[in-house]
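Engineer: One structure, as structure tokens, below. Some questions next.
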Amino acid sequence: MPIPIKLPEEVDKAIERLRLSGEVQDWTGILKPVRFVGQPQREQKTRKVLALLQKRVRNAPLKRSAINSLINSVLIKSLKVISQGKRGWRREKVRSIALPINGQIKSLEDVTGYVTASDNEDQVVRLALLLRLMHRRRDALDLLVKRIRSGLASHQCQFWLHYLLIEAGEKRASKLLTNTKESLQTNQVSTNTVRHRSKLRYGIVMLTMFDSEVFKSSLRSLAQSDFDGEILVVEDGYEADSVCRETCEHLKVKYLKQSQWHGSAAAMNDGIAHLESHTDIVMFAHNDILWPQRWFDWYDRAWQAAFSSQRLGLLNLGYVQFKRRQDPTLYELFLRGEYAHLRWILNATRDVSQLKDRVQNSQVRSGEQLFGTARDPWNDWTPDVRFMTGRFSVGASFPVESWRALGGFDPSMPYGFDLELQHYCLDNRKWILFGNNPPLIHLASNDTQAIDQDRLAKTTTLHQTYPQFEEKYGWQLEHFLNVYFSETAFIYQDEIIRAANALQFDKIDFVFDDFQRRLRERTLDNCELTWCRSRSNCAYVNPA
């Protein structure tokens, strides 16, 4: 029988302050947590106003008179001012929430059973972090505390309680928690992962610019996964020093430093040229991906099935993505390498109305086999009647022979190597597909926040991708992409998926013919893509 854990008195007091902060948020709708540490008088006054509000709700929960509404409104505004101190006089951004006075805040009775249901605490942590993401911090706190006091395994729960205390400014109390020192260590995947062996030879080129914590977590998760192949990090010449070398050497992956900042096309060329000469498949990988521990077995089976046909030109790995600013706990999970927790939470957001649009999903439809199509998270948006199948993943792979046939990527299109691959595939009847893999987790647009925008604006050669594509291939870029990914591939995706999984690629060659016809015939007058960004100055108009 588990022995209940008694928390130190200082921790109990800190927890009560955090609970009070959560109750204030529930009543007022304030987004940022209210801090009471070191403010005993403000804490006491807040409790008095809160008790008065709660008493009114208990005694007259159904009264809807104008006077009652006015009194409640005044009390809530008073609660806001008193709890925040001087900050309460300033107008704060308030979210739309169900206030307790309307009787709409649900209790946790339906989920607290998870606290003692198992020795494994994973589900408790995930529910707590999901509640926190929903701004229900008090409920998240209660779940963690109940688990710790139960006496069952609570290693992770103690870390996240420690995290909440630190965030709330309760540093003294956080130091009193037991087993926190070990919990603070980044979650390391076992280096003894069994690696899947393959007949094909693979290489991964990861481009980076900064030795950020995100990059380190991403590379560590890849290096410690079941991938059996060569990993090469190419550091673009944005920084003068070789800032990423030490991280790469520590993780025992190959490293290449670019002398100047020329863009991703030139960096990919150098990266592929430095892979082993017998490499069959190369993958381009973003430097802000959290990789599952086991993914390579599926990836190899997909390429083994289609490689000999020479009809698979681009295989994209499915992924989900979020942005760092959404919540610091999601970012912390990424840095700690907590793939399983993060995947569960991001998946659960689909069922939460206020969160479902914050996570973009670019995976194949459930039930598909090795291959499928996915949505493009940057261009596919149902409310605007925009539809586009996925074009290029944060983990995209292709035969090295395609790169050789192109003569390497054109460095005059600094950020266009993916576009050249797509053009090559469609021009040579090779398929662009997504895989039904355990999803990668992408922390979107992480490095772009650190780039000096003034320096980028002055580096004129980095802005030539769009005009250079049109000059080289004869098509305005958005016209080319939209005709295939928003028309042809979108219309025939069921036929494409069935034939691809049966490895009967010849049966769907008509799709390429359809695309070429549409590409030639599509004009402004017969185009239905009203959301196209180039519509106002479209070069494809009906001849007079």
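Engineer: Evaluate the stretch 229-245: report whether one residue or more is under 29 Å from L133 (Cβ atoms), at pLDDT below 90, assigned to a loop (DSSP other than H, G, I, E, B) and aromatic (F, W, Y).
Structural biologist: Looking through the stretch 229-245, none of the residues is under 29 Å from L133 (Cβ atoms), at pLDDT below 90, assigned to a loop (DSSP other than H, G, I, E, B) and aromatic (F, W, Y).
Engineer: Sort out which residues of the stretch 354-390 are in a strand (DSSP E or B), polar (S, T, N, Q) and under 16 Å from the mean Cα position of the chain (by Cα), and write them in order of number.
Structural biologist: Q360, N361, S362
Engineer: Additional query: Would you check if R535 is in contact (Cβ under 8 Å) with a residue 12 or more places away in the chain, at negative phi and surrounded by 12 or more Cβ atoms within 10 Å (Cβ to Cβ)? If you could, list the steps in order and put the result at the bottom.
Structural biologist: Working: in contact (Cβ under 8 Å) with a residue 12 or more places away in the chain: no; at negative phi: yes; surrounded by 12 or more Cβ atoms within 10 Å (Cβ to Cβ): yes.
Answer is no for this residue.
Engineer: Being aliphatic (A, V, I, L, M), in contact (Cβ under 8 Å) with a residue 12 or more places away in the chain and surrounded by fewer than 21 Cβ atoms within 10 Å (Cβ to Cβ) narrows it down to one of V233, V282, V243, so name that one. Spell out the reasoning first.
Structural biologist: Values: V233 fails: surrounded by fewer than 21 Cβ atoms within 10 Å (Cβ to Cβ); V282 fails: surrounded by fewer than 21 Cβ atoms within 10 Å (Cβ to Cβ).
Answer to the check: V243.
Engineer: Which of (1) within 19 Å of S150 (Cα to Cα); (2) exposed (fewer than 13 other Cβ atoms within 10 Å of the Cβ); (3) modelled with pLDDT under 90 does L31 not meet, given it meets every other one?
Structural biologist: For L31, the exception is condition (1).
Engineer: From A348, A306, which residue is within 25 Å of R126 (Cβ to Cβ), touching a residue at least 40 places away in the same chain (Cβ under 8 Å) and either surrounded by fewer than 22 Cβ atoms within 10 Å (Cβ to Cβ) or of a type in the set (S, T, Y) (or both)?
Structural biologist: That would be A348, the only listed residue that is within 25 Å of R126 (Cβ to Cβ), touching a residue at least 40 places away in the same chain (Cβ under 8 Å) and either surrounded by fewer than 22 Cβ atoms within 10 Å (Cβ to Cβ) or of a type in the set (S, T, Y) (or both).
Engineer: Follow-up. If you go through the stretch 448-468 one residue at a time, do you hit one that is small (G, A, S) and at pLDDT below 90?
Structural biologist: So far as the stretch 448-468 goes, yes, one or more of its residues are small (G, A, S) and at pLDDT below 90.
Engineer: Right, here's the next one. So which residues in the stretch 145-165 are of a type in the set (K, R) and at positive phi?
Structural biologist: none
Engineer: Continuing with the same structure: Among the listed residues R56, R126, identify the single one that is of a type outside the set (G, A, S), at pLDDT 65 or above and under 24 Å from Y163 (Cβ atoms).
Structural biologist: Numbers: R56 fails: under 24 Å from Y163 (Cβ atoms).
R126 is the lone residue from the list that is of a type outside the set (G, A, S), at pLDDT 65 or above and under 24 Å from Y163 (Cβ atoms).
Engineer: List pairs: first in the stretch 384-395 and of a type in the set (F, W, Y), second crowded, with 18+ Cβ neighbours inside 10 Å and in a loop (DSSP other than H, G, I, E, B), Cβ under 8 Å, 6+ apart or cross-chain?
Structural biologist: F387/D380
Engineer: Quickly run through the stretch 343-353 and pick out the residues that are under 17 Å from the mean Cα position of the chain (by Cα) and hydroxyl-bearing (S, T, Y).
Structural biologist: T349
Engineer: Considering only residues that are in a helix (DSSP H, G or I) and out of contact with any Lys or Arg (no Cβ under 8 Å at 6 or more places or on another chain), look in the stretch 1-13 and name the one that is surrounded by the fewest Cβ atoms within 10 Å (Cβ to Cβ).
Structural biologist: E9
Engineer: Next question. Test of understanding: among W381, W344, which residue is within 29 Å of Y202 (Cβ to Cβ) and not hydroxyl-bearing (S, T, Y)?
Structural biologist: After ruling out the rest, the residue left standing is W344.
The values are calculated or read from the model by the stated rules, or taken from the named source; none is laboratory data. Predicted, not measured: the structure shown is a model, and the values here were computed from it. Every residue, glycine among them, receives a Cβ derived from its backbone with ideal geometry; neighbour counts consider all protein chains shown.
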